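Novice: Next up is a structure, given as structure tokens.
The values are calculated or read from the model by the stated rules, or taken from the named source; none is laboratory data. All values derive from a computational prediction rather than experimental measurement. A quick note on method: Cβ atoms are made from the backbone with ideal geometry, for glycine too, and the neighbour counts reach across all protein chains shown.
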Amino acid sequence: MPRKRSRSIGRCSVKAKVCILTTVHPPFDTRIFHKQAKTLARAGYDVTLIAQHDGDRVVEGVRIIGLPKPRNRFTRIFGLTWRAFRLALRQHADVYHFHDPELLLPGALLKLFTRAKVIYDVHEDYPSYIRMKGWLPSVLRAPLSAFVETLELLGTRIFDAIVTADDEVANRFKKAKMLAIIHNFPDLELFMGCERHSSAKIYDIIYLGSISPYHINFMLSVALLLEKMGHVFRWCIVGVSERQHTLARKLLQELGIKHRFCLCGRIPHSCVVKYLAYSKVGVIPLPHKEKFMKNIPTKLFEYMACRIPVVASDLPPIRKFVGTRGCAILVPPEDEEAFASAIDFLLSNPQRAQAMGEKGRSLVEQKFNWARESKKLLTLYRRLINA
């Protein structure tokens, strides 16, 4: 049974216990660990994180309970989730905060078998995301998408709060008991001292974050267009999986531009700034897909935090934040020539690019930062615990 909860409105006077669960994300995920878990720990909560990790440890005030790495998706979904559930029960937490749709059923059981508050944190528009999953047989995508959507809607009646990272995704959960939109804006502490003189920047173009075969092929096409325009630009792509790394290397070798690209795998949160600080232009080449019509790319604000001008697909979530603010050039999605022209313009006009980068940084300092969003998280927790 959960312990008696603190009734403090400020910092937790009697450390309320929080158990955060994820079976999909790495333990040091930016949103889960570096933003939410650390914020809660600093505010006085007793925070435990259950995630895939090789053993148990305490990091920056957060106790991590390690889950074994599953052999495949099947064992993760039908085995690891229930192991996480059993470990969560043993924590006797006041609040359970889970981050994956495959934890919806365990989350409902936590609500049923404990007196704790339960939060479902929705990172993506999962129903549309499932319909894009290439590894799923096409015949299963629509029914599985509908199944997850049904579970999520049922969750609005069961869970004490729903948290989303995007306004559009939040529209699906208007009937939730409590609803909080907590954006994935950058923590400015991480981005202090990222300024570099343009002469010290070794990468002309950077792409940061998860990457698909579409992104690889698109950026290679843009690179070839820039080569035809007479430009010799250096690219840095951060977040390439082992599988995508093999594909990209093969294509780069075939195209004869391997020497133009630096391909990096997934890197620690603290290392992101090192790559951004040495880059001139950030790109976000999202296709015109349903998922991207609702989710805001976190990399947009990370580029801005490092004073990097942005070239991005002109999609509603991106346009809403930077459309007329002078820190980004928005171009039609999937238009390789438009991307190449915009990149060429920024790299050919360094003073204009610098001014755009400064505007982006100013916006992050004033509005789009984690310090502001963290207050929403702490307010939600106070409301739940004091209810």
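Novice: Is there a residue being touching a strand residue (DSSP E or B) at 6+ places or on another chain (Cβ under 7 Å) and either without any contact (Cβ under 8 Å) to a residue 12 or more places away in the chain or under 21 Å from residue 193 (Cβ atoms) (or both) anywhere in the stretch 366-385?
Specialist: Taking every residue of the stretch 366-385 in turn, none turns out to be touching a strand residue (DSSP E or B) at 6+ places or on another chain (Cβ under 7 Å) and either without any contact (Cβ under 8 Å) to a residue 12 or more places away in the chain or under 21 Å from residue 193 (Cβ atoms) (or both).
Novice: Condition check: surrounded by 16 or more Cβ atoms within 10 Å (Cβ to Cβ), touching a strand residue (DSSP E or B) at 6+ places or on another chain (Cβ under 6 Å), hydrophobic (A, V, I, L, M, F, W, C) and within 17 Å of residue 23 (Cβ to Cβ). Does residue 64 satisfy that?
Specialist: Here the answer is yes, as residue 64 does meet what is asked.
Novice: Is at least one residue of the stretch 198-218 closer than 30 Å to residue 171 by Cα, in contact with a Leu (Cβ under 8 Å, 6 or more places away or on another chain) and surrounded by 14 or more Cβ atoms within 10 Å (Cβ to Cβ)?
Specialist: Within the stretch 198-218, one or more residues are closer than 30 Å to residue 171 by Cα, in contact with a Leu (Cβ under 8 Å, 6 or more places away or on another chain) and surrounded by 14 or more Cβ atoms within 10 Å (Cβ to Cβ).
Novice: Have a look at 40, 87 and point out the one that is surrounded by 22 or more Cβ atoms within 10 Å (Cβ to Cβ) and either modelled with pLDDT of 95 or more or at negative phi (or both).
Specialist: Just one listed residue meets the conditions, 40.
Novice: Test residue 363 against the stated conditions and say whether it is outside any helix (DSSP H, G or I) and either under 19 Å from the mean Cα position of the chain (by Cα) or surrounded by 18 or more Cβ atoms within 10 Å (Cβ to Cβ) (or both).
Specialist: When the stated conditions are applied, residue 363 does not pass them.
Novice: Still on this structure: Please go through the stretch 43-61 and pick out each residue that is surrounded by 21 or more Cβ atoms within 10 Å (Cβ to Cβ) and over 22 Å from the mean Cα position of the chain (by Cα).
Specialist: Matches in the stretch 43-61: 45 only.
Novice: Oh, and also: Can you name the residue in the stretch 79-134 that is hydrophobic (A, V, I, L, M, F, W, C) and within 21 Å of the chain's Cα centre (by Cα) and, of all such residues, is nearest to residue 171 (Cα to Cα)?
Specialist: It comes out as 122.
Novice: Let me ask you something else. Of everything in the stretch 154-188 that's surrounded by 19 or more Cβ atoms within 10 Å (Cβ to Cβ) and in a strand (DSSP E or B), which residue is nearest to the chain's Cα centre (by Cα)?
Specialist: Selected residue: 164.
Novice: Looking only at the stretch 194-241, count every residue that is touching a residue at least 40 places away in the same chain (Cβ under 8 Å), more than 23 Å from the chain's Cα centre (by Cα) and assigned to a loop (DSSP other than H, G, I, E, B) and tell me the total.
Specialist: Final tally of qualifying residues: 7.
Novice: For the stretch 290-319, how many residues are assigned to a helix (DSSP H, G or I) and without any contact (Cβ under 8 Å) to a residue 60 or more places away in the chain?
Specialist: Total satisfying the criteria: 4.
Novice: Whether any residue in the stretch 369-380 is buried (at least 16 other Cβ atoms within 10 Å of the Cβ), over 21 Å from the mean Cα position of the chain (by Cα), farther than 24 Å from residue 207 by Cβ and among the hydrophobic types (A, V, I, L, M, F, W, C) is what I want to check.
Specialist: no
Novice: Within the stretch 239-274, work out how many residues are in contact with a Phe, Trp or Tyr (Cβ under 7 Å, 6 or more places away or on another chain) and buried (at least 18 other Cβ atoms within 10 Å of the Cβ).
Specialist: 4
Novice: Related question: Inspect all residues belonging to the stretch 335-354 and state whether any of them is farther than 24 Å from residue 214 by Cα, among the charged types (D, E, K, R) and assigned to a helix (DSSP H, G or I).
Specialist: The answer is yes; a qualifying residue exists.
Novice: Still on this structure, I have one more. Listed residues 148, 139, 163, 169; which is within 10 Å of residue 120 (Cα to Cα) and aliphatic (A, V, I, L, M)?
Specialist: On the way: 148 fails: within 10 Å of residue 120 (Cα to Cα); 139 fails: within 10 Å of residue 120 (Cα to Cα); 169 fails: within 10 Å of residue 120 (Cα to Cα).
Of 148, 139, 163, 169, the one residue that is within 10 Å of residue 120 (Cα to Cα) and aliphatic (A, V, I, L, M) is 163.
Novice: Against the conditions (1) in a helix (DSSP H, G or I); (2) of a type outside the set (A, V, I, L, M); (3) not assigned by TED's automatic domain parsing to the domain that holds residue 330, where does residue 191 fall short? Just the number, please.
Specialist: All conditions pass for residue 191, except number (1).
Novice: Criterion first (over 18 Å from the mean Cα position of the chain (by Cα) and part of a helix (DSSP H, G or I)) does residue 325 satisfy it?
Specialist: Criteria not met by residue 325.
Novice: Of a type in the set (A, V, I, L, M), closer than 26 Å to residue 155 by Cα and modelled with pLDDT under 95: does that describe residue 65? Walk me through how you get there before you give the answer.
Specialist: Values: of a type in the set (A, V, I, L, M): yes; closer than 26 Å to residue 155 by Cα: yes; modelled with pLDDT under 95: no.
No.
Novice: So which residues in the stretch 110-152 are surrounded by 16 or more Cβ atoms within 10 Å (Cβ to Cβ) and more than 27 Å from residue 317 (Cα to Cα), if there are any at all?
Specialist: 110, 111, 114, 116, 117, 118
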